[in-house]
Every structure is written in structure tokens, then in C-alpha cells.
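Here's the structure we're looking at; comments come further down.
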Amino acid sequence: MNLQQALLDIGNAQDNELPIAGLEMVKENWSEFYPELERLMTQFVADDTSLSDDQQVILFFGTLLLAQLKYSPALERCLQLFARSDSFSTPLEIVFGDALTELTPTLFYNVADGNTQALCNYIVDGHQAMYCKASAIEAVFAQYEVGIIDESVLSAHVTRWLSAFSALPSSTNRFLISALADYCIEYQLDNFKSQFVALGDKDLFDEDRFEYDDVKAWHSTDLPKLIESGMIQTKFDVVTTLTSWMADDKESDLESEDFDSLISEGFDGFDSLMGEGGLLANVLYDENTILENSVPVSSLPKAGRNDPCPCGSGKKYKKCCLR
């Protein structure tokens, strides 16, 4: 397989398969492949609707390989690529899907290779990215986690971000303020508590991202941080990660099919649980309580696995409330 064949292999990849041979060939011939990837990135930056389907697939896999190879020369172009609206069904989201929220922190961290300033400039820039700016924030906190920057440097950046986000209230900046508060609490930057409380008093929080009551409580947990938990992968592998995703999706599909099968066969979950010998047989329900808390099934929001989540998070249903 030569490079041209590898590009065809990648470009023709379907949703349920990975172009493993093509990706291996691209890695072996990276110096020849990267100019093609850079050309696609430049074209997308100029017109994000101009790529063909196969070009979009090559852009997707090529960008993830940047994270795997930690290819720092691509940092500037990479930040330009993600400097645009990234909500559901935008051209950027159509290309990157779930990777847009779940793998861009790893991408930014690995490609930045300690270049904190470039990430910080991206965060305060006036473009409309929301999830990707939050990913860059996570990448900087991860740099702090491993000692690339110290607390004084991180605090200076947080101060700059807060000033930028609070200067122009918007749904994007409310989301970013909330995300930033979350990480300041987890990484125990306690000197910022009063500033976040004041912003919450001005209704500058996105309660769906992080609740204001949690800010006022300001209690960090003992949960693993970004790198420790694997949310940011310093040893990222495209094939391993996407194979795991595909396995999770298949398991979710099977669970949904099993549930649908039970319903079609007449399974009555309520009677099974509440009837004699059922797990909830001894739980009593007042008739009025049941009626007051019931809603017609037809009124419940319906969403496919790849549709926007009905909760309004902006994420896909399968990566949000379907879990």
C-alpha cells in the first residue's frame, strides 16, 4: 500500500470500521502525508463547507493522529481549525462528532507540548468555539497537574480568562465561566472563590454545566484529575480509543434492542417489580401521588442516539442522558 492508496483507504472508511492499514501507512509516511492534511485544514478554515465526504474523513483521522504523534509544528493550524462555532450540527461538529468534546483536550495538550501561551491566546480570542475553548482550558490545567506551569502562572491565566469571559455576557461565556469554576475548585485555586461567587450573583453561570450552589460550597473532591483519570491521554492511540468507542456503542445498541424486545414481548416492568415477590412489592404508592407525578408518554422528548440530547446540554444523546 502506497500513500495514495492509504488516503483512499482512510477516505472510504465507514462508520463501523477503522482504516487501520491506511493509518499505519500514513504514520510511516508522515512527512509526505502532513502537507496534504495541512492543505485540508487550510481549506476547511477558509470554507468549512467545502470538503467532500472523503476529505472530511481524512481530516478527522489526520487531526487525531496529530494528538497521537504529538506533532507540535501543527499547533497554530490546529488552533485555527477549531476556532469556530462548535455546537451541534455545525460543520466542525459534523466532521469530528463526539471527538469534538471528548478528544480535543488530549489533542490540545499533546500538540501544544507545553506551549501554554498559545492555548491561552486561543481561549481569550473572540471566535465562537465553546467546547473547544473549554478543552483548551482543560489542557492548561493538565499542564499544571504535571508541573509544566506553577500555580502563579496558572492563576495569572485564570485571571485573564475571567476578565475576558465576564466582559461580554453570552451563553458561550457563561458555559466557560462555569467550566472554569469547576476546575478551579478541583485544583484548589481557592483564591478565586469570591470572584466566582460574585459572577454567580450576576447570573453569569451556566447551571447545566456547573451549579452555582457548588461554587458557593467550594468543595474539591478526591476524584482523579484530568491526566490521572485518563480524560486527557498523554499516550493517545487513535485505533485503540476509537475501537473502544465502537465497542461501547455496540453494547449500547444491544441494550436498547434487548429493552425493545422485552416491550414487544409484553414485559410489564411495573407488575414484575410491584407484584407479589417483586423487588418493590412492599413499597406503597398513594394514588394521588402517582397521578400528580405522571406525565403522558407522548409528551416525553424523543431523540435518536446521534440527535441533540433533550436536556439541552448540546451534546449528542448517546454521550449524555442515554448513558
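The values are calculated or read from the model by the stated rules, or taken from the named source; none is laboratory data. On a predicted model such as this, the values are computed, not experimentally measured, just so you know. Reconstructed Cβ throughout: ideal geometry from the backbone, glycine too, with neighbour counts over all protein chains shown. Accessible surface is based on the protein model in full, side chains and every heavy atom, while ligands, DNA and RNA are left aside. Shrake-Rupley method; radii C 1.70, N 1.55, O 1.52, S 1.80 Å.
The table below lists the values:
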| quantity | calculated |
| --- | --- |
| Anisotropy class of region 12-95 from Cα gyration tensor, a/c 1.5 cut | oblate |
| N12-V146 FRET efficiency (beta carbon distance; Förster radius 25 Å; 0.05 resolution) | 0.05 |
| Distance from region 1-37 to region 112-175 (C-alpha centre basis), Å | 33 |
| Packing-based ranking, highest mean first, of 108-118, 173-183 given that Cβ atoms within 10 Å are counted | 173-183, 108-118 |
| Dipole of region 24-172, positive end: most advanced residue of A83, L103, L154 [Cβ charges, Cα centre] | L154 |
| Most to least accessible of D208, D248 (protein chains only, probe 1.4 Å) | D208, D248 |
| Amide N proximity, region 170-198 versus S163 label position 7 Å along Cα-to-Cβ, cut-off under 13 Å | none |
| Gain upon complete extension [I94, T243; 0.36 nm per residue less C-alpha separation] | 51.7 nm |
| Cleavage-rule hits, GluC sites (Glu not before Pro), region 72-106, DSSP coil, Cβ neighbours within 10 Å at most 10 | none |
| Cα centre as origin, Lys/Arg/Asp/Glu Cβ charges: region 9-159 dipole, Debye | 380 |
| Among F236, P224, S171 the positive-end extreme of the charge dipole of region 168-248 (Cβ point charges) | F236 |
| Rounded, prolate or oblate (a/c below 1.5 giving rounded, otherwise prolate when a/b exceeds b/c) for region 66-205 by Cα gyration tensor | oblate |
| Pairwise label distance in nanometres, N29 with D203, each label 7 Å out on the Cα-Cβ vector | 5.9 |
| Cα gyration tensor category, rounded, prolate or oblate, for region 176-257 with a/c compared to 1.5 | prolate |
| J(HN,Hα) series, region 128-133, from Karplus relation 6.51 cos²θ - 1.76 cosθ + 1.60, nearest Hz, glycine and proline x | 9, 5, 10, 5, 6, 5 |
| Per residue, in Å², the accessible surface of region 115-234 once ligands and nucleic acids are set aside, probe 1.4 Å | 45 |
| Exceeding the 25 Å Cα-Cα cut-off - candidates K27/K250; K70/K133; K133/K250 | K27/K250; K133/K250 |
| Rough spin-label spacing in nm, given labels placed 7 Å along Cα→Cβ, for A21 and T42 | 3.2 |
| With all protein chains modelled, accessible area of R209 [1.4 Å, Å²] | 60 |
